[in-house]
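Coordinate-derived values only; no laboratory data. Just so you know, these numbers come straight off a predicted model, no measurement behind them. Every residue, glycine as well, gets a Cβ built from its backbone with ideal geometry; the counts of neighbours run over all protein chains shown.
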Amino acid sequence: MWVLYKALADLVVVAHFTYLAAMVFGGFAAARWHRFLPLHLVAVGWALGAVTIHYDCPLTGLEQQLREYASRGVYKGSFLRHYVRGVLFPEWFTPYVVTAMVTLVVAGWIRLASTWSRRTQASGYR
């Protein structure tokens, strides 16, 4: 049974990284696929709340609970601290990565607005 819990925990990690990709690149995706916009807005809204209000991500809690069921070591702290900060880049680089992520979100929104503006003009609406 522990194999199932470990696999589910690994799936939650994939979901977590997918969430991060939807948050950062979602504006670009929504410019191409309009139905992606609500998902992107929820992802960005959740991230803003987590940064400003400081609530815990339920995916982190779920992953840790599944790892505990699998009798695997449970890490302390957040998903970002365990898998991203200090792992994918040095800890001191965090402000630069955050700035790059915000820049990508804003650039995606600019791309989305540009795409919608061109479509509106092409359809004859003013």
(message) Give me the dipole magnitude in Debye, nearest 20, for region 2-123 about the Cα centre, with unit charges on the beta carbon: positive for Lys and Arg, negative for Asp and Glu.
(response) 380
(message) How high is the relative contact order of the chain? Use alpha-carbon pairs under 8 Å, at least six apart in sequence, and give a whole percent.
(response) 38
(message) Give me a comma-separated list of calculated 3J(HN,Hα) values for region 82-87, in order, Karplus coefficients 6.51, -1.76, 1.60 applied at θ = phi - 60°, integers in Hz, x for any Gly or Pro.
(response) 7, 9, 10, 5, x, 10
(request) Translational diffusion coefficient, Stokes-Einstein: compute it for the chain using the Kirkwood radius over C-alpha pairs as Rh, at 37 °C and 0.692 mPa s, and state it as an integer in µm² s⁻¹. (result) 199
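Using a Förster distance of 30 Å, how high is the FRET efficiency between Met1 and Phe93, based on the Cβ-Cβ distance and rounded to 0.05? Could the numbers behind the result be given before it?
Numbers: r = 40 Å, r/R0 = 1.33.
It comes to 0.15.
Calculate the FRET efficiency for Thr115 and Ile53 from the Cβ-Cβ distance with a Förster distance of 35 Å, rounded to the nearest 0.05.
The pair Thr115/Ile53 has a calculated efficiency of 0.65.
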(request) Kindly provide the helix-only [θ] at 222 nm of the chain, computed as the sum of -39,500 (n - 2.57) over DSSP H runs of four or more divided by all residues, to the nearest 500 deg cm²/dmol? (result) -25000 deg cm²/dmol
(request) Starting from region 1-46, pick out the chymotrypsin sites (Phe, Trp or Tyr not before Pro) whose DSSP state is loop and whose Cβ has at most 16 other Cβ atoms within 10 Å. (result) Trp33
(message) Per residue of region 12-17, what does 6.51 cos²θ - 1.76 cosθ + 1.60 with θ = phi - 60° give for ³J(HN,Hα)? Whole Hz please, x for Gly and Pro, Karplus curve as stated.
(response) 5, 4, 4, 4, 5, 5
(request) At 7 Å along the Cα-to-beta-carbon direction for both Thr18 and Tyr69, put a label point, then send me their distance in nm to one decimal. (result) 1.8
